[in-house]
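Colleague: Okay, here's the structure, questions in a sec.
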């Protein structure tokens, strides 16, 4: 054994180690696979912490969701996908989780546990009004129905998803531009009126979409000028950042482990390993 090898220490599972080393392991494994975290921690510290020990360390933790001190003015919710481990020979299964971003405060992720999401958000100091942003999926708005009070929530349909759905209608660009201009001002009736002389399945679908979310289609120009968010880009970015860990090449997760993995990644994104 070389002198360099002799200096490398092995850390077995459940042995006592320094809080700093533990924090370093948690920080690294929140960003990359347990195997890569094991390699990197050895290079950085000279201590060998196996990938299995890295994993056990994560699942021994209690990653508490943060309690926000300042009032939450805006929030957004969206769904993400996680790949579950299946028996050999069977196709992979993808399941939904929900991500939430309390703008300018913190983020969280929840796997098949919407009630925990709701309870966590309601435990925060919520402004009146509380701006709630989302796309057109019912699951998002069903969650919002349990947040705060009806008089407190200011629900806004994400402008960029609205325009994306308008683009699917097709047809005359002049007509689409006119519809977009009316929607930008929150004038749903005038937007629908632009389709009076055109009957098509895509048009009917879009009009039904507008009527369904009519109360969430606001004067986007005014809100933007007032500094109020009109798009759910914050939560889309959050879901992508969570995906950078749970969707690394070849990653598959045991169903029972998914909540802890999501909490681990959320803790990292909230800067809990930087304190």
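Colleague: Which residue is surrounded by the fewest Cβ atoms within 10 Å (Cβ to Cβ), if the candidates are limited to segment 244-262 and must be more than 19 Å from residue 103 (Cα to Cα) and within 14 Å of the chain's Cα centre (by Cα)? Let's see the steps before the verdict.
Modeller: Within segment 244-262, the first condition is being more than 19 Å from residue 103 (Cα to Cα), and the residues that meet it are 244-261.
Add one more test, that the residue is within 14 Å of the chain's Cα centre (by Cα), and what stays is 244-247, 259, 261.
Details: 244: 12, 245: 20, 246: 21, 247: 14, 259: 17, 261: 24.
Step by step, filter segment 244-262, then rank; the result is 244.
The rows are residues; the columns are (1) in contact (Cβ under 8 Å) with a residue 24 or more places away in the chain; (2) surrounded by 15 or more Cβ atoms within 10 Å (Cβ to Cβ); (3) not assigned by TED's automatic domain parsing to the domain that holds residue 241.
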site: 108; (1), (2), (3): yes, yes, no
site: 116; (1), (2), (3): no, yes, no
site: 119; (1), (2), (3): no, no, no
site: 127; (1), (2), (3): yes, yes, no
site: 134; (1), (2), (3): yes, yes, no
site: 138; (1), (2), (3): no, no, no
site: 145; (1), (2), (3): no, no, no
site: 150; (1), (2), (3): no, no, no
site: 166; (1), (2), (3): yes, yes, yes
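Colleague: Please state which of the following conditions residue 136 fails to meet, knowing it meets all the rest: (1) at pLDDT below 95; (2) out of contact with any helix residue (DSSP H, G or I) (no Cβ under 7 Å at 6 or more places or on another chain).
Modeller: Residue 136 satisfies all of (1) at pLDDT below 95; (2) out of contact with any helix residue (DSSP H, G or I) (no Cβ under 7 Å at 6 or more places or on another chain) except (2).
Colleague: Name, by its number, the condition in (1) in contact with a helix residue (DSSP H, G or I) (Cβ under 9 Å, 6 or more places away or on another chain); (2) at negative phi; (3) free of Cβ contacts under 8 Å to residues at least 40 places away in the same chain that does not hold for residue 206.
Modeller: The one condition residue 206 does not meet is (3).
Colleague: In addition: Could you figure out which of (1) out of contact with any helix residue (DSSP H, G or I) (no Cβ under 8 Å at 6 or more places or on another chain); (2) buried (at least 16 other Cβ atoms within 10 Å of the Cβ); (3) modelled with pLDDT under 95 isn't true of residue 73?
Modeller: Residue 73 satisfies every listed condition except (3).
Colleague: Another question, if that's okay. Name the residue that is modelled with the highest pLDDT, counting only residues in segment 16-33 that are over 26 Å from the mean Cα position of the chain (by Cα) and outside any helix (DSSP H, G or I).
Modeller: Here the residue is 18.
Colleague: Name the one entry in 147, 143, 156 that is in a helix (DSSP H, G or I), more than 18 Å from residue 197 (Cα to Cα) and in contact with a strand residue (DSSP E or B) (Cβ under 7 Å, 6 or more places away or on another chain).
Modeller: Step by step, each of 147, 143, 156 is checked, and only 143 is in a helix (DSSP H, G or I), more than 18 Å from residue 197 (Cα to Cα) and in contact with a strand residue (DSSP E or B) (Cβ under 7 Å, 6 or more places away or on another chain).
The values are calculated or read from the model by the stated rules, or taken from the named source; none is laboratory data. Keep in mind that what you see is a predicted model, and the values were worked out from it rather than measured. Virtual Cβ from ideal backbone geometry, glycine too; neighbours counted across all protein chains shown.
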